[in-house]
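Following: one structure in structure tokens, then a few remarks.
The values are calculated or read from the model by the stated rules, or taken from the named source; none is laboratory data. Everything numeric here is computed off the predicted structure, so don't read it as measured data. For neighbour counting, all protein chains shown are included, and Cβ atoms are generated from backbone atoms with ideal geometry for every residue, glycine included. Just the protein is used for accessible areas: all its heavy atoms, side chains included, with ligands, DNA and RNA removed. Shrake-Rupley method; radii C 1.70, N 1.55, O 1.52, S 1.80 Å.
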Amino acid sequence: WVYSSIHGFNQAEIKEKLQAFPGGSIDLLKQDSGIAVLTINNPSRMNAFSGSMMLDLEERVSQLENWPEGKGIIVQGAAETFCSGSDLNAVRAISNQQDGMRMCMFMQNALTRLLRLPLISVALVEGRALGGGAELTTACDFRLMAAGSVIQFVHKHMGLVPGWGGAARLVRLVGSQNALKLLGGAVKVDPELGVDIGLVDGILEGHQKAEGAATLLQQAENWLGRYTKGPAPVIQAVKKVVLSGRELPLSEALRTEKDVFGMVWGAPANLEALASKSKHK
Ligand SMILES: CCC(=O)SCCNC(=O)CCNC(=O)[C@H](O)C(C)(C)COP(=O)(O)OP(=O)(O)OC[C@H]1O[C@@H](n2cnc3c(N)ncnc32)[C@H](O)[C@@H]1OP(=O)(O)O
């Protein structure tokens with residue numbers, strides 16, 4: 001949690017405000033494979049985030065925090081587009097500074113918790129990821145883009161800067177020079193540019209072209225599957241040590257790594273591997 005009552009953040013107050021802007025949903029499908037699919041679902045508004053969807057997101061993240069069998073998560077948009085940011089109708093209605101900052105704190109909390117899940121996360125970008133939608137992609141460990149799709153931090157055109165944590169995360173992903181260019185120019189990032197600057201980890205083929213070809217979701221599941229093979233406690237431990245390395249000062253990260261190591265040392269997967277005398281050829 002980035003913000004709590006000690007930062008003057010009143011979660012109940014903003015939740016009540018957000019509830020007044022309904023529409024759409026955030027759908028969660030937990031699969032036996034240990035890979036969940038989180039779908040941003042508000043197609044009539046290009047999957048823009050209504051107030052109730054922000055609340056939904058927080059609820060889904062809570063469910064994922066308590067999923068011992070989980071290993072990975074794919075975040076996608078419904079109806080062949082990713083997400084067009086916050087619902088502009090809600091934005092207009094809460095355009096006063098205090099409410100804007102409360103909404104921003106609520107979304108920073110939710111997206112930080114999403115990024116810190118003990119699951120390897122992938123944003124599957126098809127169509128457009130605009131504004132808050134672009135910020136959401138940075139709250140995942142990886143980004144895959146379908147051919148023809150676009151990630152665009154359009155905030156400057158709205159007289160804004162990112163507020164859902166997207167700028168801070170973007171700098172860590174692509175460096176401050178590239179982040180300045182993307183935000184200052186509201187640059188349309190296509191898959192090739194995304195790969196070039198290190199924002200994007202893979203380009204997926206448009207599935208509609210060839211009959212019987214894998215859907216984008218199947219392609220993303222295959223891609224993620226390379227990193228989630230194995231027992232859930234081990235994959236979750238992998239994510240935890242990388243997360244602490246990414247977020248904490250070195251000494252603290254080392255101590256966390258020691259604690260996580262202690263959880264897998266002598267645990268069933270470790271004992272099984274020792275008993276099988278596995279070779280890594
Ligand atoms: C955190 C900061 C933020 O996120 S600020 C919000 C940033 N996002 C935006 O400004 C997106 C504005 N919308 C657009 O640029 C276009 O609608 C885009 C997404 C490019 C789609 O264009 P196009 O394919 O021509 O479709 P369209 O404009 O007819 O849209 C279909 C319906 O969806 C709606 N829509 C779209 N985006 C939003 C949004 N963010 N909030 C609320 N509604 C949105 C459009 O208004 C349109 O609705 P309708 O069919 O006119 O009723």
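List the helices (runs of 4 or more DSSP H) that sit entirely inside region 1-99 and contain at least 1 residues that are within 16 Å of the ligand (Cβ to nearest atom) and open to solvent by 60 Å² or more (accessible area, probe 1.4 Å). Break it down stepwise before answering.
Numbers: elements: 11-19, 51-65, 88-93.
Of the helices (runs of 4 or more DSSP H) lying wholly inside region 1-99, those with at least 1 residues that are within 16 Å of the ligand (Cβ to nearest atom) and open to solvent by 60 Å² or more (accessible area, probe 1.4 Å) span 11-19, 88-93.
Say whether the condition of being free of Cβ contacts under 8 Å to residues at least 60 places away in the same chain and basic (K, R) is met by at least one residue in region 69-81.
The answer is no; no qualifying residue exists.
Would you pick out the residues in region 113-126 that are away from the ligand (no atom under 15 Å from the Cβ) and either modelled with pLDDT under 95 or of a type in the set (V, I, T) (or both)?
Matches in region 113-126: I120, V122.
For region 194-205, does any single residue satisfy the condition of being surrounded by 21 or more Cβ atoms within 10 Å (Cβ to Cβ), assigned to a helix (DSSP H, G or I), modelled with pLDDT of 95 or more and away from the ligand (no atom under 16 Å from the Cβ)? Explain how you work it out, then say what you get.
Keep residues of region 194-205 that are surrounded by 21 or more Cβ atoms within 10 Å (Cβ to Cβ), which gives 194, 199-200, 204.
Subset that is assigned to a helix (DSSP H, G or I): 194.
In the following step, the residues that additionally are modelled with pLDDT of 95 or more were identified as 194.
From the residues that got through so far, the ones that are away from the ligand (no atom under 16 Å from the Cβ) too are 194.
Looking for residues that are surrounded by 21 or more Cβ atoms within 10 Å (Cβ to Cβ), assigned to a helix (DSSP H, G or I), modelled with pLDDT of 95 or more and away from the ligand (no atom under 16 Å from the Cβ), one finds at least one in region 194-205, hence yes.
Select from region 170-180 the residues that are open to solvent by 30 Å² or more (accessible area, probe 1.4 Å) and touching a Ser or Thr at 6+ places or on another chain (Cβ under 8 Å) and list them in ascending order.
Across region 170-180, the qualifying residue is only L173.
Restricting to region 115-126, give me the number of residues that are under 9 Å from the mean Cα position of the chain (by Cα) and either buried (at least 24 other Cβ atoms within 10 Å of the Cβ) or more than 20 Å from W223 (Cα to Cα) (or both).
Filtering region 115-126 down to residues under 9 Å from the mean Cα position of the chain (by Cα) leaves 115, 121-123.
From what is left, the residues that are either buried (at least 24 other Cβ atoms within 10 Å of the Cβ) or more than 20 Å from W223 (Cα to Cα) (or both) are 122-123.
Result for region 115-126: 2.
How do the pairs read when you match residues in region 255-277 that are without any contact (Cβ under 8 Å) to a residue 40 or more places away in the chain with residues anywhere that are open to solvent by less than 100 Å² (accessible area, probe 1.4 Å) and not in a helix (DSSP H, G or I), using Cβ under 6 Å and keeping only pairs 6 or more apart or on different chains?
A269/P231
Of the residues that sit in region 212-257 and are polar (S, T, N, Q) and in contact with a strand residue (DSSP E or B) (Cβ under 8 Å, 6 or more places away or on another chain), which one is nearest to I73 (Cα to Cα)? Quick ask: steps written out before the conclusion?
Going residue by residue through region 212-257, those that are polar (S, T, N, Q) are 215, 218-219, 222, 228, 236, 244, 251, 256.
With in contact with a strand residue (DSSP E or B) (Cβ under 8 Å, 6 or more places away or on another chain) added as a condition, the list becomes 219, 228.
Working: Q219: 14, T228: 10 Å.
Checked region 212-257; the qualifying residue nearest to I73 (Cα to Cα) is T228.
Return the residues of region 150-160 that are without any contact (Cβ under 8 Å) to a residue 40 or more places away in the chain and surrounded by fewer than 24 Cβ atoms within 10 Å (Cβ to Cβ); say none if nothing qualifies. Talk me through it step by step, then tell me what you get.
Going through region 150-160, the residues without any contact (Cβ under 8 Å) to a residue 40 or more places away in the chain turn out to be 152-153, 155-160.
Correct list: Q152, H155, K156, H157, M158, G159, L160.
Taking the condition of being open to solvent by 20 Å² or more (accessible area, probe 1.4 Å) and within 12 Å of the ligand (Cβ to nearest atom), how many residues in region 100-112 meet it?
4
Quick one: is G163 in a loop (DSSP other than H, G, I, E, B), open to solvent by 10 Å² or more (accessible area, probe 1.4 Å) and touching a Gly at 6+ places or on another chain (Cβ under 7 Å)? I'd like the intermediate steps shown before the answer.
Numbers: in a loop (DSSP other than H, G, I, E, B): yes; open to solvent by 10 Å² or more (accessible area, probe 1.4 Å): yes; touching a Gly at 6+ places or on another chain (Cβ under 7 Å): no.
Judged against the criteria, G163 is not a match.
Kindly indicate the residue of region 127-149 that is within 9 Å of the ligand (Cβ to nearest atom) and assigned to a strand (DSSP E or B) and also most open to solvent (accessible area, probe 1.4 Å) among those meeting that condition.
Let us first name the residues in region 127-149 that are within 9 Å of the ligand (Cβ to nearest atom), namely 127-128, 130-135.
If we keep only those that are assigned to a strand (DSSP E or B) too, we end up with 128, 130.
Values: R128: 130, L130: 37 Å².
Out of the qualifying residues, it is R128.
Could you grab me the full set of residues in region 150-160 that are among the aliphatic types (A, V, I, L, M) and assigned to a helix (DSSP H, G or I)? Steps first, please.
Residues of region 150-160 that are among the aliphatic types (A, V, I, L, M), as a first pass: 150-151, 154, 158, 160.
Within region 150-160, V154, M158 qualify.
Looking only at region 214-226, decide whether some residue is free of Cβ contacts under 8 Å to residues at least 12 places away in the same chain, surrounded by 13 or more Cβ atoms within 10 Å (Cβ to Cβ), of a type in the set (A, V, I, L, M) and farther than 20 Å from K30 by Cβ.
Yes: one or more hits.
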